[in-house]
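Everything on this sheet refers to the single structure shown next.
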Amino acid sequence: MEFTVGQIAGVLNGTVEGDASLRVDRLAKIEEARAGAVAFLSNPKYEPYLYTTEASAVIVSRGLEPKQPVQAALIRVDDPYTGFTQLLEFYQQFTRAGKRGVEQPCFLGQGSTVGDDGYRGAFSYVGENCQIGRGVLIFPHATIGDRCRIGDGTIIYAGAKIYADTVIGSRCVVHAGAVIGSDGFGFAPQPDGSYRAIPQIGNVVLEDNVSVGANAAIDCATMGSTILREGTKIDNLVQIAHNVEIGRHTVVASQSGISGSTKVGNFCVLAGQVGLAGHLTLADRTTVTAQSGVGKSVKEEGTVLQGAPAFNLRDSLRANAVFRHLPELERRVLNLERAQQKPDAAEKS
């Protein structure tokens, strides 16, 4: 696929400074780009590459004033990072456009319906009484259980496993190896010390524009639904337990785990390896820094937590500063004790 620099500027609502007729056929990093590529400059640290890059075009801020001559055509936009992201989305749509139709062998259960312009890859499985929307891409070896509903434009990548009764909205992405709707971790202790499995009869609901990373696991509810609200993004290797509710446009980074019945607000950020205990509530716009463990609910919007157990970021930083000086503080205390003991010894003599 080839596009002119002018066409790309049109997609991004940008303006061209230089030759708008130049043709580009790929995307690249500004430090690695060659002729025929389009790159972007967002971080000022990379500005020196603007004057040496071989890219045919570079997406830059409208307010950028080059300090040296630039060989590449400049596509000026309000936000280069957002503009390049938009271009990646545009490119992705074109590369996926060829995936249409039904490969064999694959299976479609009785009573299930599939919308137009979709794709079902070889060895994919769709159970009975499912409703699959328009333009849904189901890649090879993906499994969709009975009575599932999947909205328009959603992508289910190879090897994803979606259990029965799951509801997935429009324009969602479920990456390879993800498991949605597996049993929640519910076991009742018995008098003899054994555990009896509690039936998990609920489901999972993903609202529109939710992304689930590779090998993530989202458990179904014991009763009711485990819910991920609109626009939420889940990274690879994340565990979300039964009856959890995650608000709109929240992001959860890799290796994090959320215990059962916890409610996470809107626009929250959980960094890598964060753990949340069960039955908690996190207020909107809560941020939990990496490797933190949260054991109490957060009521104040915009709170930033750090540590294990996690507490307010400012207090955590102060505590860490004190912790680093503990050996010195110990020596000072010992010196004070010795100084105190010397006058006492002199008085006794």
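We did not get these values from a lab; they are worked out from the coordinates using the rules stated. No experiment lies behind these values; they were computed from the predicted model shown. We place every Cβ from the backbone using ideal geometry, glycine too, and count neighbours over all the protein chains shown.
What does the charge dipole of the chain about its Cα centre add up to, to the nearest 20 debye, if the Cβ of each Lys and Arg holds +1 and the Cβ of each Asp and Glu holds -1? Don't jump to the answer; show the numbers that get you there.
Details: 33 positive and 36 negative charges, 121 e Å.
Its charge dipole is roughly 580 debye.
Based on the Kirkwood radius over alpha-carbon pairs, what value in µm²/s does the Stokes-Einstein equation return for the translational diffusion coefficient of region 52-174 at 4 °C and 1.567 mPa s? Write down the numbers at each step before the final one.
Working: Rh = 16.7 Å.
In µm²/s, the coefficient rounds to 78.
What is the total of Lys pairs in the chain with C-alpha atoms under 20 Å apart, excluding same-chain pairs fewer than 8 positions apart?
Number of lysine pairs found: 6.
Take the alpha carbon atoms of the chain, find their radius of gyration, then divide it by 2.2 N^0.38 Å using N residues; give the quotient.
Numbers: Rg = 27.4 Å, N = 349, 2.2 N^0.38 = 20.4 Å.
Ratio of Cα Rg to 2.2 N^0.38 Å: 1.35.
I want the local charge near N335. Using Cβ-Cβ distances under 14 Å, sum +1 for each Lys or Arg and -1 for each Asp or Glu among the other residues. Let's see the in-between values first.
On the way: positive: R331, R332, R338, K342; negative: E328, E330, E337.
Local charge sum for N335: +1.
Grab the eigenvalues of the alpha-carbon gyration tensor for region 170-275, scale each by 5, take roots, and send me the semi-axes largest first in whole angstrom.
In descending order, the three semi-axes are 25, 14, 13 Å.
Can you tell me how much longer the chain between Q68 and N43 gets when fully stretched, taken as 0.36 nm per residue apart minus their C-alpha distance, in nm with one decimal?
On the way: separation 25, 0.36 × 25 = 9.00 nm, distance 1.72 nm.
Here the segment from Q68 to N43 would lengthen by 7.3 nm.
When only Cα pairs under 8 Å and 6 or more residues apart are kept, what is the percent relative contact order across region 101-315? Before the final figure, lay out the partial values.
Details: 762 pairs, mean separation 20.3, N = 215.
9 percent.
Could you work out how much longer the chain between Q7 and F90 gets when fully extended? Use 0.36 nm per residue separation minus the Cα distance between them, nm to one decimal. Mind dumping the intermediate values first?
Working: separation 83, 0.36 × 83 = 29.88 nm, distance 1.19 nm.
Taking 0.36 nm per residue and subtracting the Cα distance, the gain is 28.7 nm.
Could you run the Karplus curve 6.51 cos²θ - 1.76 cosθ + 1.60 with θ = phi - 60° over region 280-293 and give me ³J(HN,Hα) per residue in whole Hz, x for Gly and Pro?
9, 10, 10, 5, 4, 6, 6, 10, 10, 6, 4, 6, 9, x
What span do the alpha-carbon atoms of region 1-109 cover on each of the three principal axes, reported in whole Å from largest to smallest?
63, 26, 25
Once Lys and Arg get +1 and Asp and Glu get -1 on their Cβ, which of T262, A142, F187 lies farthest toward the positive end of the dipole of region 101-315?
About the Cα centre, the residue reaching furthest to the positive side is T262.
Would you mind telling me the antiparallel percentage of the DSSP bridges in region 3-96, rounded to 5? If you can, show how the numbers build up before the last one.
Values: 5 of 15 bridges.
Antiparallel bridges: around 35 percent, rounded to the nearest 5.
Among bridges DSSP assigns within region 101-315, what percent are antiparallel (round to 5)?
Taking every DSSP beta bridge with both residues in region 101-315, the antiparallel ones total about 10 percent.
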